[in-house]
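Remarks on the structure that follows.
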Amino acid sequence: MILTATIGLAQTVLSYITFCYSSIPLNLNTPMSTPSKFSIKRVASILVCTGSLVTGIPVMSSAQTNPGFGFVWGDGPSQKQQLGYVLEYGTPKHLSDRWRLKIKRQSVAIDGINITYPDYFDGKFRETKIELRKSPKNRIFNLKKGETIPLESVSVDQDNKVIEIIPKEIIPADTDIEVVASNVKNPTAGGMYYFNCRISSPGGVGLMRYVGTWIVSIFRS
């Protein structure tokens with residue numbers, strides 16, 4: 001939004017300069033007049049303000065705040081199956097990153113979460129640093145973290161690349177939740193990694209239901 005406003009302001013400045021010079025009457029028999037000192041000072045002031053806005057805009061890398069939507073060629077999850085996520089850093093070899101893996105509202109209650117990831121992912125997750133939270137209704141304007149959901153157990157199988165999360169109480173249907181993993185050791189190589197999410201529901205007799213995929217992008221800064 002800020003960038004759009006700045007571009008609009010720059011266009012206004014250019015239009016003003018064009019107007020100043022286009023309004024000067026052209027007379028081949030008389031020397032060409034110039035814009036008044038007031039006009040020049042006004043344009044200069046606007047240019048200074050515009051430059052300040054442009055240089056003052058913070059640049060944020062897509063790896064720092066990644067909404068979790070990627071283009072997939074060939075076989076892979078459709079856009080509807082892609083889950084959102086946010087990485088605090090998102091760079092290779094980072095030793096203490098924080099991941100927020102969002103799970104959309106489900107039409108059924110949840111009593112277990114299963115996350116699988118590819119064999120070539122050589123990063124590491126710590127069981128004691130994995131939480132489950134209710135997602136804030138508005139992440140942009142709400143600086144408070146979501147309510148923590150008590151867990152019965154968390155297990156990370158580094159060899160088979162599986163994370164199992166069991167809440168102490170059943171999570172009701174239509175609840176926005178997110179898996180928060182802190183102190184994550186990011187993989188050594190940049191690239192895209194597919195993290196598949198499945199859930200189990202009460203009465204499902206241990207059956208896991210696929211709910212979506214996080215296409216996690218790790219980029220070099």
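A few remarks follow.
- Taken over segment 164-188, the criterion of being under 20 Å from the mean Cα position of the chain (by Cα) and not charged (D, E, K, R) is satisfied by Ile177, Val179, Val180, Ala181, Ser182, Asn183, Val184, Asn186, Pro187.
- Residues of segment 183-205 satisfying the condition of being under 25 Å from Tyr120 (Cβ atoms), of a type outside the set (Val, Ile, Thr) and either in contact with a helix residue (DSSP H, G or I) (Cβ under 7 Å, 6 or more places away or on another chain) or modelled with pLDDT of 95 or more (or both): Asn183, Lys185, Asn186, Pro187, Tyr193, Tyr194, Phe195, Asn196, Cys197, Arg198
- Hey, Glu178 closer than 19 Å to Gly84 by Cα and in contact (Cβ under 8 Å) with a residue 12 or more places away in the chain or not: yes
Residue-wise test of (1) assigned to a strand (DSSP E or B); (2) under 11 Å from Ile115 (Cβ atoms); (3) aromatic (Phe, Trp, Tyr); (4) assigned by TED's automatic domain parsing to the domain that holds Trp99.
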position: Ile163; (1), (2), (3), (4): yes, yes, no, yes
position: Ala173; (1), (2), (3), (4): no, no, no, yes
position: Val179; (1), (2), (3), (4): yes, yes, no, yes
position: Asn183; (1), (2), (3), (4): yes, no, no, yes
position: Pro187; (1), (2), (3), (4): no, no, no, yes
position: Tyr193; (1), (2), (3), (4): yes, no, yes, yes
position: Gly204; (1), (2), (3), (4): no, no, no, yes
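- Where strands (runs of 3 or more DSSP E) fall entirely within segment 78-160, those with at least 2 residues that are crowded, with 18+ Cβ neighbours inside 10 Å and of a type in the set (Lys, Arg) are at 97-103.
- Glu169 vs. criteria of a type in the set (Asp, Glu) and part of a strand (DSSP E or B): no
The values are calculated or read from the model by the stated rules, or taken from the named source; none is laboratory data. None of the values given here were measured: they were computed from a predicted structure. Note: ideal-geometry Cβ built from the backbone for every residue, glycine included; neighbour counts use all protein chains shown.
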